[in-house]
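Q: Before I ask anything, let me first share the structure, which is written out below as structure tokens.
The values are calculated or read from the model by the stated rules, or taken from the named source; none is laboratory data. This is a predicted model, so every value here is computed, not measured. Virtual Cβ from ideal backbone geometry, glycine too; neighbours counted across all protein chains shown.
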Amino acid sequence: MIKSDIIIIGAGPAGLFAVFEAGLLKLKCHIIDSLPMPGGQCAEIYPKKPIYDIPSQPEILAGDLVSKLMEQIKPFSPGFTLGEMAQSIDKNSNGEFIITTDKGTQHQAPIVAIAGGLGTFTPRKPQLDRLKEYEDNGVDYIIRDPEKYRDKKVLIAGGGDSALDWTIFLSNIAAEITLIHRRSEFRGAIDSVEKIQFLKNNNKIKLFTPAEVFKLEGKNSLEIIYIKHREQEKKIEIDYFIPLFGLTPKLGPIADWGLEIEKNAIKVNNSIDYQTNIPGIYAIGDVNTYPGKLKLILCGFHEATLMCQSAYSRIHPKKKNILKYTTVSGITGFDGTRKEAQKSTIRAIE
Amino acid sequence: MEKDVNIIITDRQGKDHEISAPTDMSMNIMEVCKVYDLAVEGICGGMAMCASCQCYILSNHELPNKTPDEEAMLSEALYVKSNSRLSCQIKIEKKLEGLRIELAPD
């Protein structure tokens, strides 16, 4: 059981910044995210795109914003459960929340802050008969352990960065690797595209474009895949088929937690603290809705700040709290680090 | 309004919505759908990076050519047909008067 003061669901900008604001109040956070890395949409969809409306940052790449936030929250040593989806919520006899992920990891805290953006990123699946039958039985949508593919025959489908990167990576591991894409153009980083070309020219990989998978076959697990390549049908013996068509967010299990939902977002009390209809559960950032809601990162930061103040009052109902300015008080990390403004020197001039 | 154009959008339940879209607000079709509360996510905000605003063009209007980004996204998206477009890549302008589109499955 992983214990903290606040369980944050979602490692996007709002969730990450909440760690900082909570840390100033000496509250310890643990973040759960279904993606294998922090950053949410900024990391998964547009890490290389610039953002222009972060206060004081005339221009910052989404990926760099995530790195800066990770640096900013480092002193407050947040815990992370990455690559797992928050599945269910319960309350224990002390009134604390228990959140269990799809992999069974349990987390306990008196406060839950949902910062889930547009939801859990789930893989886009190709439309193929019997696909479900082979899921985790020859068909994988996310590569968790590349060693699984050692000396196996693997076929990757897709035209983006992840399809290219994994093809390159697995070309040294798999017995045979085939990359197919619906068209001949790829939209990955230039050096990845060039590397693929090199691997193809040296017969290290097989590349079929434009090509599409149209049939899967196999008795107990996937054995044969049929592709259509330039109007010709091809039969390929295979151990693994990895379709990498990107991830799309879905609200997922949170929708069944008894929270008031409106237009796929969680209703919160925006005039006070962004708390949901369940006391102790807050929703911040793109995942919430209230009159006048704007889905902006900068609004998520504000919401995270107010949420933490309210969370503090719930955890310490009898303690008086006053807003402290970091310029005055500095930052004392849970990791023993301390940052503070330089003391002014007073000296007489004679 | 003189600056508005009328567009007919068929939602995922097959219901038609005749909506009026402003030509002077730098809006695209995805944004207009959101303004009218039609179920279009527009997850990436209009960067042609998610295909959640995919639609099928039903009328014969002349539309701007697809950018390489839009072409690439449509090559990865599901339910793509020959008349598929990402609605975030189509700006509202006068010549779209009477345009008919259908939202692609999500």
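Q: So which residues in region A:99-141 are in a loop (DSSP other than H, G, I, E, B), away from every other protein chain (no Cβ under 14 Å) and surrounded by fewer than 16 Cβ atoms within 10 Å (Cβ to Cβ)?
A: Once the filter is applied, which keeps residues that are in a loop (DSSP other than H, G, I, E, B), away from every other protein chain (no Cβ under 14 Å) and surrounded by fewer than 16 Cβ atoms within 10 Å (Cβ to Cβ), region A:99-141 yields A:ASP102, A:LYS103, A:GLY104, A:THR105, A:ASP129, A:ARG130, A:ASP136, A:ASN137.
Q: Looking at region A:33-41, is at least one residue part of a helix (DSSP H, G or I), within 25 Å of A:GLY188 (Cβ to Cβ), within 14 Å of chain B (Cβ to nearest Cβ) and out of contact with any Phe, Trp or Tyr (no Cβ under 8 Å at 6 or more places or on another chain)?
A: Yes; the residues of region A:33-41 include at least one that is part of a helix (DSSP H, G or I), within 25 Å of A:GLY188 (Cβ to Cβ), within 14 Å of chain B (Cβ to nearest Cβ) and out of contact with any Phe, Trp or Tyr (no Cβ under 8 Å at 6 or more places or on another chain).
Q: Identify the single condition in (1) surrounded by fewer than 18 Cβ atoms within 10 Å (Cβ to Cβ); (2) among the polar types (S, T, N, Q); (3) over 20 Å from A:PRO253 (Cα atoms) that A:SER4 does not satisfy, given that it satisfies every other one.
A: Here A:SER4 meets the rest and fails (1).
Q: Before we move on, is A:ARG144 modelled with pLDDT under 95, more than 24 Å from the chain's Cα centre (by Cα) and under 18 Å from A:ILE242 (Cα atoms)?
A: no
Q: Filter region B:81-96 down to residues that are within 14 Å of chain A (Cβ to nearest Cβ) and surrounded by fewer than 17 Cβ atoms within 10 Å (Cβ to Cβ), then give me how many there are.
A: Looking only at that region, the number is 2.
Q: Report, by residue number, each residue of region B:39-74 that is of a type in the set (A, V, I, L, M, F, W, C) and either away from every other protein chain (no Cβ under 14 Å) or surrounded by fewer than 19 Cβ atoms within 10 Å (Cβ to Cβ) (or both).
A: Passing the criteria: B:ALA39, B:MET47, B:CYS55, B:ILE57, B:LEU58, B:LEU63.
Q: If I filter region B:82-93 for residues that are touching a residue at least 40 places away in the same chain (Cβ under 8 Å), assigned to a loop (DSSP other than H, G, I, E, B) and either more than 16 Å from B:ILE7 (Cβ to Cβ) or more than 11 Å from the chain's Cα centre (by Cα) (or both), do I get at least one hit?
A: The answer is yes, given that some residue of region B:82-93 is touching a residue at least 40 places away in the same chain (Cβ under 8 Å), assigned to a loop (DSSP other than H, G, I, E, B) and either more than 16 Å from B:ILE7 (Cβ to Cβ) or more than 11 Å from the chain's Cα centre (by Cα) (or both).
Q: Same structure, new question: Quick one: which of A:PRO78, A:PRO47 is buried (at least 16 other Cβ atoms within 10 Å of the Cβ) and at pLDDT 95 or above?
A: A:PRO78
Q: Can you tell me which residue within region A:143-165, out of those that are assigned to a loop (DSSP other than H, G, I, E, B), without any contact (Cβ under 8 Å) to a residue 60 or more places away in the chain and away from chain B (no Cβ under 14 Å), is surrounded by the most Cβ atoms within 10 Å (Cβ to Cβ)?
A: Only one residue tops the list, namely A:ARG150.
Q: Are any residues in region B:32-49 touching a Ser or Thr at 6+ places or on another chain (Cβ under 8 Å), under 13 Å from B:THR10 (Cα atoms) and aliphatic (A, V, I, L, M), and if so, which ones?
A: Result: B:VAL40, single match.
Q: Would you pick out the residues in region B:6-60 that are in a loop (DSSP other than H, G, I, E, B), in contact (Cβ under 8 Å) with a residue 40 or more places away in the chain and within 10 Å of the chain's Cα centre (by Cα)?
A: Correct list: B:VAL40 only.
Q: Moving on to the next point. For region B:29-38, which residues satisfy the criterion of being crowded, with 19+ Cβ neighbours inside 10 Å and of a type in the set (Asp, Glu)?
A: Correct list: B:GLU31 only.
Q: Residues that are buried (at least 17 other Cβ atoms within 10 Å of the Cβ): list the strands (runs of 3 or more DSSP E) wholly contained in region A:166-284 that include at least 2 such residues.
A: Of the strands (runs of 3 or more DSSP E) lying wholly inside region A:166-284, those with at least 2 residues that are buried (at least 17 other Cβ atoms within 10 Å of the Cβ) span A:176-180, A:206-208, A:211-217, A:224-229, A:240-243, A:247-250, A:265-267, A:281-283.
Q: Those residues that are in a helix (DSSP H, G or I) and touching a residue at least 24 places away in the same chain (Cβ under 8 Å), I need them from region A:56-98; list them, please.
A: A:GLY63, A:LEU65, A:VAL66, A:LEU69, A:MET70, A:GLN72, A:ILE73, A:LYS74, A:PRO75, A:PHE76
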